[in-house]
Amino acid sequence: MSNHNDYEILDEQRALDRAEASTGLHDWGDYLSFRTGLRIFIQSVEEMHPSPEFRDTVAKRIQRILETRLHLVDDANQHPEIEQQKIERPIAIIGLPRTGTTITYDLITLDPAVRAPREFEMLLPWPASDAATFATDPRIAIIQAMNDNYLKHAPQLKEIQRLDCTLAGECNHGMTYHFAGSNFPAEFGVPRFTKWVIDEIPEGLYRTHKRLLQEFQWKGPKGRWVIKSPHHLFDLEGLVETYPCLLYTSGIHLAAALHGYARGLRPAQHHVALHRDKPGEGGVPRLSAALAAGRPAKFPRRVRGAEQVRAAPAGTLLHRAR
C-alpha cells in the first residue's frame, strides 16, 4: 500500500488510481455502482474538516477496499467458475441489535451442515478462503490484533459484542466493500453518508454481497449459507430478490434497542475515529437520536417496509427470534 500525504484532500479518482497502481490491476468489472457510496463517503469526510490523522486513516481504509475489489474482479477473470457458483436459499437472520440475533446465529452455525462467513472473511474478503488452511488463515491474526486494540481502548465492548473473529461474521462488514451499510457511520460519524444510508437503497449492494459469498465458497468450506446483519432490514426486498431466504426476525422496540446499542458504542466510536474535529456527530448515535425523538426519519419506514416484504415472497419461510 502506498504512502499518503496526510494533508491531501480525499479525491475519488485519485483513490481509484492509487488502488490500480498498488495492485497493478485496472479492471473494475462491469458493475460500478459502488462508486456512488465511495463518492458520498469522501464528500462526507471532507465536510467534517478532518484532521490529517483522521483523513489518512480514511484514505487507507478506502484504498484497502478498492484494492480488494480489483482483486475480486481479477479472480473472476482468471477463474470464471467463481461467479458461476450458486448460493442456494441461504438462511438470513435479521433483527435489530441487542435482540438475540447473534445467539441465534451462533446456535444455527453449530450445525456442521451450514456455512457462515467468518468475521475475518467479511472484514478481509481477499485472498480467497481455502478449506485446507481455514483454521490457520493469516487473516485471523490480523483481525484479532485489531480486536485486541479495540478492547484496550474500550474494554466495555466485550460486554456487548463478541470479538472472536473465527466465529460467524456480520454482513455489514462485507457491505463496506460496496461503500454501503452501517459500519462507516458507526466508525467515522460521516453525517452526509449516514443520511444517505438512511434515505437511499444502494444500487448493486447485494450483487457485491453475493460475490463475496462466491469468493468464500470457491475454495473454502462448503455448506448451506447462513448470513446475518441488522442492515438487511433496510432492503429486505433486494435481499429476497437476490436470495430465496429463510428469515429470522426479532420484535424488540426499535428506538429502545438501537439507542441502547448506540450508547454502548459511543466510547469506541470516539477512539476509532481518531482526531476528528467534532467527535460524536453523526453515526450510530445520530440514528438512535432520530428514532428516540420520534422524528420522521426514513429508517423506521425502512423497517415497516421490511415487515410488509416479509409476508410477500412466495415460498419464503419466516420465523421470529424471541
What is the number of the single condition among (1) buried (at least 20 other Cβ atoms within 10 Å of the Cβ); (2) out of contact with any helix residue (DSSP H, G or I) (no Cβ under 7 Å at 6 or more places or on another chain) that ASN149 does not meet?
(1)
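Kindly establish whether ASP106 is surrounded by fewer than 19 Cβ atoms within 10 Å (Cβ to Cβ), in contact with a Gly (Cβ under 7 Å, 6 or more places away or on another chain) and not hydroxyl-bearing (Ser, Thr, Tyr). Write out each step before concluding.
Working: surrounded by fewer than 19 Cβ atoms within 10 Å (Cβ to Cβ): yes; in contact with a Gly (Cβ under 7 Å, 6 or more places away or on another chain): no; not hydroxyl-bearing (Ser, Thr, Tyr): yes.
No.
On the basis of being of a type in the set (A, V, I, L, M, F, W, C), on the phi < 0 side of the Ramachandran plot, out of contact with any Gly (no Cβ under 8 Å at 6 or more places or on another chain) and part of a strand (DSSP E or B), does ALA135 make the cut?
Working: of a type in the set (A, V, I, L, M, F, W, C): yes; on the phi < 0 side of the Ramachandran plot: yes; out of contact with any Gly (no Cβ under 8 Å at 6 or more places or on another chain): yes; part of a strand (DSSP E or B): no.
Spelling it out, it is not the case that ALA135 is of a type in the set (A, V, I, L, M, F, W, C), on the phi < 0 side of the Ramachandran plot, out of contact with any Gly (no Cβ under 8 Å at 6 or more places or on another chain) and part of a strand (DSSP E or B).
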Those residues of region 181-208 that are among the aliphatic types (A, V, I, L, M), modelled with pLDDT under 95 and assigned to a helix (DSSP H, G or I) come to a total of 3
Can you tell me which of ARG61, ARG55, ARG69, ARG98 is surrounded by fewer than 21 Cβ atoms within 10 Å (Cβ to Cβ), modelled with pLDDT of 95 or more and either farther than 23 Å from GLU241 by Cα or under 17 Å from the mean Cα position of the chain (by Cα) (or both)?
ARG61
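Just wondering, is there one or more residues in region 127-138 that are in contact with a helix residue (DSSP H, G or I) (Cβ under 6 Å, 6 or more places away or on another chain), buried (at least 21 other Cβ atoms within 10 Å of the Cβ) and modelled with pLDDT of 95 or more? Reasoning before the result, please.
Initial filter on region 127-138 (in contact with a helix residue (DSSP H, G or I) (Cβ under 6 Å, 6 or more places away or on another chain)): 128-130.
Filter again for buried (at least 21 other Cβ atoms within 10 Å of the Cβ), leaving 129.
Subset that is modelled with pLDDT of 95 or more: 129.
Yes, region 127-138 contains a residue that is in contact with a helix residue (DSSP H, G or I) (Cβ under 6 Å, 6 or more places away or on another chain), buried (at least 21 other Cβ atoms within 10 Å of the Cβ) and modelled with pLDDT of 95 or more.
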In the list ASP17, ASP30, ASP111, which residue meets the criterion of being exposed (fewer than 15 other Cβ atoms within 10 Å of the Cβ) and within 29 Å of ILE160 (Cβ to Cβ)?
ASP111
Here the residues within region 28-62 that are part of a loop (DSSP other than H, G, I, E, B), in contact with a helix residue (DSSP H, G or I) (Cβ under 7 Å, 6 or more places away or on another chain) and without any contact (Cβ under 8 Å) to a residue 60 or more places away in the chain are TRP28, GLY29
The conditions are (1) surrounded by fewer than 18 Cβ atoms within 10 Å (Cβ to Cβ); (2) farther than 17 Å from TRP126 by Cα, and GLN144 fails exactly one of them. Which is it?
(2)
Those residues of region 54-109 which are under 26 Å from ALA21 (Cβ atoms) and among the polar types (S, T, N, Q) amount to THR57, GLN63, THR68, ASN77, GLN78
Pick from region 83-95 the residues that are outside any loop (DSSP other than H, G, I, E, B) and in contact with a Phe, Trp or Tyr (Cβ under 9 Å, 6 or more places away or on another chain): which of them is surrounded by the fewest Cβ atoms within 10 Å (Cβ to Cβ)?
ILE91
If you scan region 14-46, which residues turn out to be out of contact with any Asp or Glu (no Cβ under 8 Å at 6 or more places or on another chain) and acidic (Asp, Glu)?
ASP17, GLU20, ASP30, GLU46
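The values are calculated or read from the model by the stated rules, or taken from the named source; none is laboratory data. Note that the structure is predicted; figures quoted are calculated from it, not measured. Here the Cβ is made from the backbone with ideal geometry for all residues, glycine too, and neighbour counts use every protein chain on show.
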